[in-house]
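The values are calculated or read from the model by the stated rules, or taken from the named source; none is laboratory data. Bear in mind that the values here come from a model prediction, so they are computed numbers and not experimental data. Backbone-built Cβ (ideal geometry, glycine too); neighbour counts: all protein chains shown.
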Amino acid sequence: ASMTTLFAVGVLLDATGDNYRIAFSSVFVLEAVGAVQILRLRARTARRERERLVASRVEAVHVPV
């Protein structure tokens, strides 16, 4: 993420003729994309974690022969 941000700022500085306000606004755009992805993937991660805990409980059951 850091390298992408640095690259975006550099490209925008070159493209806008050293307009720092526009170039550094890309930082906020990339942070917003990251925050949206975190919020979007939270539910999926929580569901997978619950499934993993249930599966580990099933594997821990000892059935005598």
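Of note:
- Of all residue pairs spaced 6 or more apart or on separate chains, none has beta-carbon atoms under 7 Å together with a first member in the range 1-20 that is basic (Lys, Arg) and modelled with pLDDT of 95 or more and a second member that is surrounded by fewer than 11 Cβ atoms within 10 Å (Cβ to Cβ) and assigned to a helix (DSSP H, G or I).
- Selection status of Val65, β-branched (Val, Ile, Thr) and at pLDDT below 90: yes
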